[in-house]
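Nothing in this text is a laboratory measurement; each read-out follows from the coordinates by a stated rule. From a predicted model like this one, the values you see are computed outputs, not experimental measurements. Glycine also receives a Cβ, built like all others from the backbone with ideal geometry; neighbour counts cover every protein chain displayed.
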Amino acid sequence: MSAPRVLILMGSDSDWEVMSEAKKALDDLGVASEVHVSSAHRTPERTGRLAREAAGRGIQVIVCGAGAAAHLAGVCAAETELPVLGVPLAASDLKGLDALLATAQMPAGVPVGTLAIGKAGARNAGLLAGRIVARTDPQVADKIRAQRKRMAEEVEAKDAALQGKLGGQSRTSDAPRSGAGEPTKG
Ligand code: C2R
């Protein structure tokens, strides 16, 4: 396996079910990543060291997933010049809103790119990290292009299936005419 280019940190092992989506997204793009449990609260020394040493080890992006009072991404951003992406996780009675605010509301000067709460955010963090890596790796860029094409084809296939169910005429245009043929609401 090649050297990791993305470092994924999680505040707890309880975050793995969601944060594995970030790793999967990177695996799909052929981008090697490394995952660790490290908490800004519970293991501040270790977290600082991981963030400080990342660039020197060839890491290009750090992805942090944390729930509740999620300070992990912010602390990492304070310790490195690498781009830091934060994934807020639903780990308390506030269902991720606490983590979202803690991750997004960084003071000016210490940026954290904040994704959505939960699995969609984790997957998008992986994809976004992949896009950053792709700026200097044409092979990753090719994979992203192919993935986007597949995604568009899937949507078109779903639309064709829906049109079939509705008994409508199938359309070849990307832009359906307004009104007719669109699914009705309610
Ligand atoms: P436990 O399940 O271990 O009690 O953790 C973790 O990311 C997790 O979602 C509960 C939640 O606490 C979060 N946590 C943080 C930090 N460390 C742990 N937000 C941190 O440093 O920001």
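The GNM of the chain, with springs linking C-alpha atoms under 10 angstrom apart, assigns the highest mean-square fluctuation among Val35, Val112, Val155 to Val155.
In a Gaussian network model over the chain where Cα atoms closer than 10 Å are linked, find which of Gln139, Gln60, Gln163 has the largest mean-square fluctuation. Result: Gln163 has the largest fluctuation of those listed. Counted by Cβ distance under 11 Å from Gly65, the other residues give a net charge of -1, where Lys and Arg count +1 and Asp and Glu count -1. Pairs from the table (Lys119/Lys158; Lys95/Lys143; Lys95/Lys165; Lys23/Lys165) lying more than 32 angstrom apart at Cα are Lys95/Lys143; Lys95/Lys165; Lys23/Lys165.
Over the chain, what is the relative contact order in whole percent, taking alpha-carbon pairs under 8 Å and six or more residues apart? Can you show the working numbers first?
Numbers: 327 pairs, mean separation 37.1, N = 186.
The value is 20 percent.
Only helical runs count toward this figure. For the chain, summing -39,500 (n - 2.57) over DSSP H runs of n ≥ 4 and dividing by all residues gives -15000 deg cm²/dmol at 222 nm.
Label positions at Asp28 and Glu53, each projected 7 Å from the Cα along the C-beta direction, are separated by 3.2 nm.
Per residue, how big is the convex hull of region 6-137 when only Cα atoms are used? Give it in Å³. Can you show the working numbers first?
On the way: hull volume 11.7 nm³, N = 132.
Convex hull volume per residue, Cα atoms: 88 Å³.
Backbone amide hydrogens, once placed in the peptide plane, bring Val35 within less than 5 Å of Ile8, excluding anything fewer than 5 places away on its chain.
Largest GNM mean-square fluctuation among Lys24, Lys149, Lys119, using the chain with Cα springs under 10 Å: Lys149.
Within the chain, the whole DSSP H helices whose Cα atoms reach 18 Å or more along their own axis and whose mean Kyte-Doolittle score is at least -1.0 are 119-134, 138-166.
Annotation for Glu156 and Ser92: the two label points, set 7 Å from Cα along the Cα-Cβ direction, are 4.7 nm apart.
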